[in-house]
Amino acid sequence: MHVFEFLRIASLCGALCGFLCPAIVRLPSSVDSDPEEFPALLEGLVSAPKGDAILSTPPSGGVRVGDEIYRFEGLEFEVADDRESTIWLEGILEGGQGVLRVPLINGEPEGPVTLVLGLREQEVQNVDFHEGEDEDAMGLTGQVTSMSGASLSFATALIIGAGTSTFRLEGDVAFLNGELGSGTYRQVSYLIEHCPEIGTIVFEEVPGSVNDEVNVETGRLIREAGYTTLLPARGMIASGGVDLFCAGETRIRVGGRMGVHSWGDPTSNIDAHDLPRDHPAHRMQVRYFREMLDQGEEFYFFTLEAAPFADIHWMSDQEIEFYGLLNAELEDLDLDSQALWASAPLSNRQEADLDEDDTHWGGCVLKEPGRTKPVDPYVVSDVTESDEYEPFSKKLSACGITLIAGDDVSDSFLRRVGQTIAEMFPRNPAMDQDAQSRILELLHQHRAALPVPRNERSLERLLSRHPEAAEKVFHRNSVCDIIMASVPEGQVMEVVEHILHAVTDVGLHLQFPREWGISRSSALWEAMQKAIATGAYDISSYHEELADEDEEIADRILLQEFAYWFITTAWDLQEPYGPQEAEWVVADRRELQQRFPDFFAIYQETVERVMACPSRSTLEQLGPRRSQERGR
């Protein structure tokens, strides 16, 4: 679309504001009105050199009067009250020095161009309008008169549809944010030519494109360069942002949202969904998606049907998988990048600005996924050394939960805990295997992690020596509790209880929100209130501990404890292994069902269909029964 066509459409609908963004322009010291000289105005569109680690297209531009250059703070667009079908394009000069006003009549630059410089307003004489070799470029040249009456040359250059995209460069990764446009094309060209170390583009927040014609060419640049495109856990791409993401030779989603919709012409109320499939208007996008995806044409027409152009459809995991938008897993990246993107879905600078309430439910459960779905959610790995969870030095993954520990915890203990987790999720055909595997996927995607220190003292020492690293572990994962590897009494329930805290806070909360949700509207909350009211669950010991906590965190702690008591009592583990404290007075499964028949039925319809009590032989490997500990 040529710039004047774009302006014509926008002027008819009176909606130019927010869609036209000039790119930064370096004006030459002398420009005449010869159209052949106009392209010189368009140099320097990448505003920052490589060393500044950021490429941007901020709203800017400028005019030259004689030898003086005045930069724009931005452009504004105003529908004229006095002239039908007219929009005034106003370039606001930096520091309030003045305004350049250009009338656009039916989208075409026409009529007197006015320059307000300081306190003086005058009409630009002998105005010539120019369109650059790039379709988004627009320029004006002419003459103005100085205070002394001398004639001065005048020139300005504007970039229409440049977008607002920025690329922040960190090592071999470029972080992309903003609306896409012709400026994005120039930025990617710059990356290819000047930044050969860049191999991955991370789409943090890319809401769309202001120039689809240029966007598909930008995509072809990305594919030709062989870039990896990656959507982080709290990333968001929509419309043209999804189009550009599909250009990655390798495409990975750690999490985040993908939004699609139809395209349309607001001036004529045309929606692409209403056009027949063989309509010429589809050809550009169909060709592009055929180049990028195996099911490209099918995906393109899916986007048209998913939502009208004035709305958005957020794609499900199943839709993303069905249309082949992803072709690799996070683990396929090299180790450094894998650790970076598994642990830090947002950049460090962004992450530092996030409040825990913005990222976690109840202070511990990641609201957005931090990983893609695992190939096999039931996998139990061996212990491996890793710096992914520094200051913890090793890890073991079991059914979506990652155990992390220091060198003072034995590998054999981690393996026993992993075996305990695995036995809680048996592959039993009699169970609801779809719901079970989904719970394990949620644990994995939301990065459920359990630190395993040797004891309280070793944990305190670790946290005091590495406070910033430890804080990142808690911020980047769903860490709802810890398992101590060496406690004087109750080692079995030390393990079982804190595994269950991770499972109920993350897996059951997300899979069964009405039944097991961390909220005051769940059945779990209702059952807990009944237990408190009837004296089955005594929470008096928590009053002082939770007095200064936020309500949501306090509720989560009380709910996870109640869930632990309920499940382990249903498994008949409290009598042989429990502490037999005043906090919980229900002795066994039979009494539990009698006291809480409604929630016990919910438990049977949910937990018993996806989980099982670990075997007694496995529990005995963790530690003795309470009667043995007490010498009975």
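The values are calculated or read from the model by the stated rules, or taken from the named source; none is laboratory data. What you see is a predicted model, and the numbers here were worked out from it, not measured in a lab. Neighbour counts are summed over all protein chains in view; Cβ atoms, including those assigned to glycine, are modelled from backbone coordinates with ideal geometry. Ligands, DNA and RNA are stripped out before the accessible areas are found, and what is left, the full protein with its side chains, is counted by its heavy atoms. Shrake-Rupley method; radii C 1.70, N 1.55, O 1.52, S 1.80 Å.
With the stretch 437-524 as the region, which helices (runs of 4 or more DSSP H) entirely inside it contain at least 2 residues that are farther than 25 Å from Asp598 by Cβ and open to solvent by 10 Å² or more (accessible area, probe 1.4 Å)?
Hits in the stretch 437-524: 456-465, 467-476, 491-502.
Among the helices (runs of 4 or more DSSP H) confined wholly to the stretch 153-255, which include 1 or more residues that are at pLDDT below 90 and of a type in the set (A, V, I, L, M, F, W, C)?
212-225
Please determine, by comparing only the residues of the stretch 131-145 that are in a strand (DSSP E or B) and modelled with pLDDT under 70, which one is surrounded by the most Cβ atoms within 10 Å (Cβ to Cβ).
Among those residues, the one meeting the criterion is Met138.
If Glu423 meets every condition in (1) within 34 Å of the chain's Cα centre (by Cα); (2) under 17 Å from Met611 (Cβ atoms); (3) open to solvent by 60 Å² or more (accessible area, probe 1.4 Å) apart from one, which number is that one?
(3)
Within the stretch 475-514, track down each residue that is closer than 26 Å to Asp434 by Cβ, at pLDDT below 95 and out of contact with any strand residue (DSSP E or B) (no Cβ under 9 Å at 6 or more places or on another chain).
Gln511, Phe512, Pro513, Arg514
Mind checking which residues of the stretch 382-396 are touching a residue at least 24 places away in the same chain (Cβ under 8 Å), touching a strand residue (DSSP E or B) at 6+ places or on another chain (Cβ under 8 Å) and open to solvent by less than 60 Å² (accessible area, probe 1.4 Å)?
The answer is Val383, Ser386, Glu388, Tyr389, Phe392.
Taking the stretch 211-236, which residues are under 16 Å from Met284 (Cα atoms) and in contact with a Gly (Cβ under 7 Å, 6 or more places away or on another chain)?
Within the stretch 211-236, Asn211, Asp212, Val214, Asn215 qualify.
So Glu544 passes all but one of these: (1) within 41 Å of the chain's Cα centre (by Cα); (2) at pLDDT 90 or above. Which condition number does it fail?
Condition (2) is where Glu544 drops out.
Going by what's in this entry, would Ser148 be described as open to solvent by 20 Å² or more (accessible area, probe 1.4 Å), at pLDDT below 90 and of a type in the set (Gly, Ala, Ser)?
Yes, satisfied.
Quick check on the stretch 536-556: of everything there that is aliphatic (A, V, I, L, M) and in contact (Cβ under 8 Å) with a residue 40 or more places away in the chain, which residue is nearest to Cys613 (Cα to Cα)?
The extreme case among them is Ala536.
Determine, yes or no, whether Glu297 is part of a helix (DSSP H, G or I) and either in contact (Cβ under 8 Å) with a residue 12 or more places away in the chain or open to solvent by less than 10 Å² (accessible area, probe 1.4 Å) (or both).
Spelling it out, it is not the case that Glu297 is part of a helix (DSSP H, G or I) and either in contact (Cβ under 8 Å) with a residue 12 or more places away in the chain or open to solvent by less than 10 Å² (accessible area, probe 1.4 Å) (or both).
Consider Glu108 against the criteria (1) within 30 Å of Glu217 (Cα to Cα); (2) modelled with pLDDT of 80 or more: it satisfies all of them except one. Which criterion is unmet?
(2)
Which ones in the stretch 356-381 are touching a strand residue (DSSP E or B) at 6+ places or on another chain (Cβ under 6 Å) and farther than 20 Å from Glu471 by Cβ?
Thr372, Val380, Ser381
From the list Asn177, Asn215, which residue is under 13 Å from Asp243 (Cα atoms) and either crowded, with 19+ Cβ neighbours inside 10 Å or of a type in the set (Phe, Trp, Tyr) (or both)?
Of the residues listed, the single one that is under 13 Å from Asp243 (Cα atoms) and either crowded, with 19+ Cβ neighbours inside 10 Å or of a type in the set (Phe, Trp, Tyr) (or both) is Asn215.
Please count how many residues of the stretch 368-400 are over 16 Å from His444 (Cβ atoms), of a type outside the set (Ser, Thr, Tyr) and part of a loop (DSSP other than H, G, I, E, B).
6
Taking the stretch 259-283 as the search range and keeping residues that are in a helix (DSSP H, G or I) and open to solvent by 70 Å² or more (accessible area, probe 1.4 Å), which one is modelled with the lowest pLDDT?
His273
Considering each of Phe599, Phe566, Phe562 in turn, give the residue that is in contact with a strand residue (DSSP E or B) (Cβ under 8 Å, 6 or more places away or on another chain) and part of a helix (DSSP H, G or I).
Step by step, each of Phe599, Phe566, Phe562 is checked, and only Phe562 is in contact with a strand residue (DSSP E or B) (Cβ under 8 Å, 6 or more places away or on another chain) and part of a helix (DSSP H, G or I).
Of the conditions (1) among the small types (Gly, Ala, Ser); (2) part of a helix (DSSP H, G or I); (3) over 30 Å from Ile320 (Cβ atoms), Ala430 satisfies every one except a single condition; which number is it?
Answer for Ala430: the failing condition is (2).
Let me spell it out: the conditions are (1) in contact (Cβ under 8 Å) with a residue 60 or more places away in the chain; (2) in a helix (DSSP H, G or I); (3) over 27 Å from Phe392 (Cβ atoms), and Ile532 meets all of them except one. Which number is the exception?
(1)
Within the stretch 572-590, work out how many residues are open to solvent by 20 Å² or more (accessible area, probe 1.4 Å), assigned to a helix (DSSP H, G or I) and in contact (Cβ under 8 Å) with a residue 12 or more places away in the chain.
The qualifying residues number 2.
Consider Ala533 against the criteria (1) open to solvent by 60 Å² or more (accessible area, probe 1.4 Å); (2) of a type in the set (A, V, I, L, M, F, W, C); (3) closer than 25 Å to Cys613 by Cα: it satisfies all of them except one. Which criterion is unmet?
Going through the list (1) open to solvent by 60 Å² or more (accessible area, probe 1.4 Å); (2) of a type in the set (A, V, I, L, M, F, W, C); (3) closer than 25 Å to Cys613 by Cα, Ala533 breaks only (3).
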